[in-house]
Amino acid sequence: MAIFQTLYQEVISFLGIGNLLELYRTGNYSSLLTFNGILWVISPVIPLLLLIEITRALIYKRFKIEDYKIPFLIFVLNRFISRFISIAAIAFCIGVFEKIAPFQTTFTWYWFIYGYVIWEFAHFIYHYLGHKVRIFWCLHSTHHAPVAMNLSVTYAHFFLEAPYADVIRTSICILAGVNPPMLFLIMFIDGTWGAFIHVGENILPDGRMGFLNRIILTPSYHRVHHAKNPEYMDTNFCNLLNIWDKVFGTFQPEKKEVKIQYGITREMNPGNLLDVYFGELYCLWKDIRRAPGIVNKLLYIVMPPGWSHTGDHKTAKVVRKAYEEEMSAAAVS
Ligand SMILES: [Zn+2]
Ligand SMILES: [Zn+2]
């Protein structure tokens, strides 16, 4: 029966309801008003929304197992390894960088705002590199492989991506003096919102969420980020506040006339776990093997995806420019 016990624990942990169940058992509801109590209530929101999303899709007969299968398999794969390395990486970065930060901030509301702006900046850096440096794209592309948007996409990540993201984000924040408990609070809010922006069209058909679209990064912006349309590629790298996209010129609202096509531009099989997980690494390996000379081989690792030693680049920038020229030529004729 140990297998059922383990399975039960896994389900409870996935749903994030362990603490709430404990609360129900002890009847000590006053702890809901504490800071931890609030975290306990928010934790199950995304897993529950995912269940609602799947149930709705089942009821309306729009459920396609392939839209959920790969993210689910990846979730199982990542469950232990990724989380463990990530926590170790965060602890290591705090230990190293806290000592050399020029100043320290405290746990107050104004330093929370400061911390959040710094966190978004750090997130922008990690995410931008994930799209613009080929080796990092090999890690990040797993998250972009799904061809439909739903909450399970939140869980689709290469297992090394979370540790790498956390090293960059934690280091920048700690170096900028962000208080570690504050950093954990920001990570929690960011993680919850970062999951929610993957909500599918069957729960939230219009991801713009009314007036919120003008002040924060809504699911609509993140849907644009997951699109492979030339107009949308490599935009909206932020998570909750799109300030840094506006600063760095990568801000792109959803256009009514441009229907989002989810996925990545490479020919691939989105239903094949190996292709989703290792496909980009395999392509990089092929390019490196083919490239003449050590310099070209190294350039393949650090240049943006689509860069070619022949000069015939297919980077997002080149593809977008060619598309814009084609559009304006078509408008003239
Ligand atoms: Zn991305
Ligand atoms: Zn995403």
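Touching a residue at least 24 places away in the same chain (Cβ under 8 Å) and in the same structural domain as GLU120 (by TED's automatic domain parsing): is that true of GLU254 in this structure?
yes
Restricting attention to the stretch 49-60, does a residue exist that is within 22 Å of ILE186 (Cα to Cα) and in a helix (DSSP H, G or I)?
Yes, that holds for at least one residue.
When the residues of the stretch 169-206 are filtered to those that are surrounded by 20 or more Cβ atoms within 10 Å (Cβ to Cβ) and within 16 Å of ligand 1 (Cβ to nearest atom), which remaining residue is nearest to HIS127 (Cα to Cα)?
Top of the filtered list is ARG169.
Do we find that ILE288 is exposed (fewer than 15 other Cβ atoms within 10 Å of the Cβ), assigned to a helix (DSSP H, G or I) and not acidic (Asp, Glu) in this structure?
Criteria not met by ILE288.
Against the condition more than 15 Å from ligand 1 (Cβ to nearest atom) and free of Cβ contacts under 8 Å to residues at least 40 places away in the same chain, how does LEU139 come out, does it pass?
Judged against the criteria, LEU139 is not a match.
Test ALA162 against the stated conditions and say whether it is under 29 Å from ASN272 (Cα atoms), assigned to a helix (DSSP H, G or I) and either within 16 Å of ligand 2 (Cβ to nearest atom) or touching a strand residue (DSSP E or B) at 6+ places or on another chain (Cβ under 7 Å) (or both).
For ALA162, the condition - under 29 Å from ASN272 (Cα atoms), assigned to a helix (DSSP H, G or I) and either within 16 Å of ligand 2 (Cβ to nearest atom) or touching a strand residue (DSSP E or B) at 6+ places or on another chain (Cβ under 7 Å) (or both) - is met.
Within the stretch 17-48, which residues are of a type in the set (Gly, Ala, Ser), modelled with pLDDT of 75 or more and under 23 Å from GLY191 (Cα atoms)?
GLY18 - this is the single residue of the stretch 17-48 that is of a type in the set (Gly, Ala, Ser), modelled with pLDDT of 75 or more and under 23 Å from GLY191 (Cα atoms).
Six or more apart or on different chains, Cβ atoms under 6 Å: show the pairs whose first residue is in the stretch 13-25 and of a type outside the set (Ser, Thr, Tyr) and whose second is at pLDDT below 75.
GLY16/SER43; GLY18/ILE12; ASN19/TRP40; LEU20/TRP40
So GLY210 clears everything in (1) surrounded by fewer than 20 Cβ atoms within 10 Å (Cβ to Cβ); (2) at pLDDT below 90 except one condition, right? Which one?
(2)
Restricting to the stretch 122-136, count the residues that are away from ligand 1 (no atom under 11 Å from the Cβ), within 12 Å of ILE168 (Cα to Cα) and surrounded by fewer than 20 Cβ atoms within 10 Å (Cβ to Cβ).
Of the residues in that region, 1 qualify.
Every residue in the stretch 295-321 that is without any contact (Cβ under 8 Å) to a residue 60 or more places away in the chain and either among the charged types (D, E, K, R) or in a helix (DSSP H, G or I) (or both), please.
Hits for the stretch 295-321 are VAL295, ASN296, LYS297, LEU298, LEU299, ASP312, LYS314, VAL318, LYS321.
The values are calculated or read from the model by the stated rules, or taken from the named source; none is laboratory data. Since we're looking at a predicted model, the values are computed, not measured. Here the Cβ is made from the backbone with ideal geometry for all residues, glycine too, and neighbour counts use every protein chain on show.
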